[in-house]
1. Between the stretch 371-389 and the stretch 14-58, how far is it from one alpha carbon centroid to the other, in angstrom?
2. Taking the Cα centre of the stretch 256-415 as origin and charging only Cβ (+1 Lys, Arg; -1 Asp, Glu), how large is the dipole, in debye to the nearest 20?
3. Once you have all Cα-Cα distances for the stretch 269-373, histogram them in 5 Å bins from zero and send the whole-percent values.
4. How many percent of the accessible area of the stretch 342-407 is carbon or sulfur, using a 1.4 Å probe?
5. Under the 0.36 nm per residue contour assumption, what length would be gained going from the current alpha-carbon distance of Lys329 and Tyr400 to full extension?
6. Would you kindly work out the equivalent ellipsoid of the stretch 97-203 from its C-alpha gyration tensor and give its semi-axes, the square roots of five times the eigenvalues, largest first in whole Å?
7. Work out the charge dipole of the chain with +1 on the Cβ of Lys and Arg and -1 on the Cβ of Asp and Glu about the Cα centre, then indicate which of Leu173, Ser217, Asn281 is farthest towards its positive end.
8. Is there a pair in Lys63/Lys104; Lys144/Lys192; Lys122/Lys144; Lys63/Lys129; Lys144/Lys166; Lys113/Lys136 whose C-alpha atoms are over 23 Å apart, and which pairs would that be?
Amino acid sequence: MSTEEILSSDGLPLEVSLKKAERKNKLKAVMLVAPLFLFLIITYVFPIGDMLFRSVDDRMITKMLPNTFTAIEKWDGKDLPDEPVYAALYEDLAYLKKTKTYGKIIARLNYEKGGFSSLIKKTVRKLGKFEEGNYKEQFISVHKRWGQPEYLVALKNAAPNWTYAKYLKGVDLKFNQDGKIIQQDEDRRIHKILWLRTLKVAFWVTIFCFILAYPISYLLATLPMKYSNLLMICVLLPFWTSLLVRTSSWMVLLQQQGPINDLIVWLGLAANDNRPELMYNVIGTFVAMTQILLPFMVLPLYSVMKTISPSLMRAGKSLGGTPFVAFRKIYFPLTVPGIGAGSLLVFILAIGYYITPALVGGASGSLISNTIAYHMKSSLDWSFAAALGTMLLVGVLTIYWIYNKLVGIDNIKLG
């Protein structure tokens, strides 16, 4: 038997040449995927990582008031602290006044407890008149809030560099002066209401989209091609229009003097002087979001229904089943994957919707996404907005995981 080594055209052993060609092909594949991988890291991984970091990062106050937090660490949080705490606070505030950086801590402390803004500003203005020693009485004489333990407790609660207090705030909880978790004051318990409203709106919008999309999808799948294409154009037409334009159109239609209210009055369903309010409430949010998200339910249903052979229904009828029985036992079960995919897509989109509830929903129709936007743009409490965003992300991922476990469809890819 010949043991002569087989060589390739370049003179290398065939095995070595094949491995070299395989490495080259792998390198080409990596180079082709690298731009997409880099894009995902820059646009997804980094922002999500930064959001997670901001939601627990609370080092700013500790860095700007180092002496205060060192002195206040030994305070039990019950009676007013001793003189060293006020002396340390004077030293820190005097330095911040000198460097003109005290404005950074005002907003952060105001998130912890309302009233810190005016307290810090007034105190900083009066620091030049302070005499050496007896700082406790001087602070209290400048503003009586320095003599109220709850403000110093709030200051102490801002001490940890890393905290999950923002997550507690997102479900209307907080730390008390003993470090125990308690409920927020009754007039500040709004976030649980917003979470429940968000889930309620997302659930009912998904139900409404399903009720409207199922017959539309059935028509798309069963009508002759020329009619089906025309109906598909009507379904896809909203994608060719800006979301802001569609929402603004609903604002025109739903206003009290708008066409829909005119039709209600013309039909005699309501008096002209008692027109129903269809906008700036949950009703407006339901109507506008259902219309906008309807195509996301239609398309998955249509893609599944198109693959169902009409002969299956005919076979069911030929075996003695009525059209309804054949539909319930044969056709509908086959469309369950499309129902699951469409429902998941619509529900997840509805949970994070922002523009439509902001414009049409008003105060009673706003969702958790509107609160996140408010803290990002108005209150500038980015750490709390990051915590809410993280909670929303975890909720979406949990819903997707539960869906895969219950339905068993693992090939649905979220965009």
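The values are calculated or read from the model by the stated rules, or taken from the named source; none is laboratory data. All of these numbers come straight from a predicted model, not from anything done at the bench. Because the Cβ atoms are built from the backbone with ideal geometry, glycine has one as well, and the counts that use them run over all protein chains shown. In case anyone asks, the SASA skips ligands and DNA or RNA and just uses the protein heavy atoms, side chains included. Shrake-Rupley method; radii C 1.70, N 1.55, O 1.52, S 1.80 Å.
1. About 31 Å separates the Cα centre of the stretch 371-389 from the one of the stretch 14-58.
2. 820
3. Each 5 Å bin holds this share of Cα pairs: 2, 12, 15, 13, 12, 10, 10, 9, 8, 6, 3, 0.
4. Numbers: 2070 of 2750 Å².
Accessible surface attributable to carbon and sulfur in the stretch 342-407 totals 75 percent.
5. Gain on extension, Lys329 to Tyr400, equals 22.8 nm.
6. Each semi-axis is the square root of five times an eigenvalue, giving 34, 15, 12 Å.
7. Checked the options; the winner is Ser217.
8. In this structure, Lys144/Lys192; Lys63/Lys129; Lys144/Lys166 exceed 23 Å between Cα atoms.
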